[in-house]
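Working notes for the structure below.
The values are calculated or read from the model by the stated rules, or taken from the named source; none is laboratory data. Just so it is clear, the structure is predicted and the values come from calculations on it, not from any experiment. Heads up, the Cβs are rebuilt from the backbone with ideal geometry, glycines too, and the neighbour counts pull from every protein chain shown. Side chains included, ligands, DNA and RNA excluded: accessible areas come from the protein's heavy atoms. Shrake-Rupley method; radii C 1.70, N 1.55, O 1.52, S 1.80 Å.
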Amino acid sequence: MATIKVPANTSPVQDAEALHKACKGWGTDEKAIISILGHRYSYQRKQIRQAYEELYQEDLIRRLESELSGDFEKAVYRWILEPADRDAVLANVAIKNAKKDHHVIVEIACIHSPEELLAVRRAYHNRYKRSLEEDVAVHTTGDLRKLLVALVSTFRYGGDEINARLANSEADILHDVIKDKKVNHEEVIRILSTRSKAQLLATFNHYRDDHGSSITKHLLGEPSDDFHKALRTAVRCIIDPKKYYEKVLRNAIKKIGTDEDELTRVIVTRAEKDLKDIEEVYLKRNSVPLDQAVAKDTSGDYKNFLLTLLGKED
C-alpha cells in the first residue's frame, strides 16, 4: 500500500499557479512546494508540469532545480519525474557512480514487472540516446557484466504458472554450482535472468526443502566481490522485495552519517506503491516506526518532504 495522502479534488492549473507563486520573488516557499507535490500522484504531477509550462513557458523541473538545493532538491527532482524516467536517472547515476552502486541496477531489473522494466529501458533510450544494457556493459567487466546485462535485458514471463519438475532440477543445478564454489557459472546467470519470478520462487523453495537451507544463506558463504554481491542482491529482490528494502533503509539510517541517497531512493520510489508494507517490516525488525527514524536522522525541508511522502506531517 502507498503512504502518500492525496486530496479528493485537485486542479493542475491551480497547483501550477501556487508553485509559481512559491518560487516567485525573494526567497522560496518550500512549505508550499511540499504541501502540493508531496500530496499528488504521479499522473497528477505530470499534469502540473504540463500546466506550468503552458502557463509560464518554463520547465517546472528546471525552475525547482534553481530554487532548491541539497538533499531536498534531489528528493523533489526525483519525485516529480515520471516513474520510468526517474528509474532511468537512478540507473544512470548508479552506473557511473564511483561507489559502484550495482545494487540499484539489480533492484530495477529484479523488482519491476516485465512491462515496468521495459518502460525504464525506453525512458533510458529517450533520455540518454543509448541503451541501458549498453551503458551497463561499458561500465562493468567479467561475470558482473554478464549478470547485469542479462538482468536488464530480460523480458520475463509475468504470470503465475510454474513447472515444478523444472524448479526441482534447477534447484539442484544452483546447489551444485554453489557447493562447488563456481558461482560465476553461466547456468546461474541463465536461470536468474530468464525464468519468471514465480518460477524462481518455486526453485528457491525446492532448494530450501531439498538442501536444508535457503539459497540466500548458502550464498553468504561466497566471496564478497562485486559479482557475488550483485548475485545475492538479485536473489533477495526476487524472494522478498519488501524485506530487501527494509534492510536498505536500516543500513541507510544506522550508518555513521545517514546515507541520504539510499534513504531518498527507497522512499521516493515506493511511496506510491508499497511503502506502508515496508514500514510494517521495518517496525517489526527495528521496534521503531520508520517515520520516527527518518525524523531523527534528517532535518529541515528534506525531513519535512520525506515525512510528507511517508504520510506523516511533521
Please work out if VAL120 is of a type in the set (A, V, I, L, M), in contact with a Leu (Cβ under 9 Å, 6 or more places away or on another chain) and either under 22 Å from LYS217 (Cβ atoms) or modelled with pLDDT of 95 or more (or both). yes
For region 2-16, name all the residues that are open to solvent by 60 Å² or more (accessible area, probe 1.4 Å), in contact (Cβ under 8 Å) with a residue 24 or more places away in the chain and over 22 Å from ASN304 (Cβ atoms). VAL13
If you check ILE173 against the conditions, is it in contact with a Leu (Cβ under 7 Å, 6 or more places away or on another chain) and either part of a helix (DSSP H, G or I) or within 30 Å of LEU19 (Cα to Cα) (or both)? no
Among residues of region 91-148 being of a type in the set (Lys, Arg), outside any helix (DSSP H, G or I) and over 16 Å from the mean Cα position of the chain (by Cα), the residue surrounded by the most Cβ atoms within 10 Å (Cβ to Cβ) is ARG130
If ILE34 passes every condition in (1) over 30 Å from ALA230 (Cβ atoms); (2) surrounded by fewer than 17 Cβ atoms within 10 Å (Cβ to Cβ); (3) touching a helix residue (DSSP H, G or I) at 6+ places or on another chain (Cβ under 9 Å); (4) touching a residue at least 40 places away in the same chain (Cβ under 8 Å) but one, which one does it miss? (2)
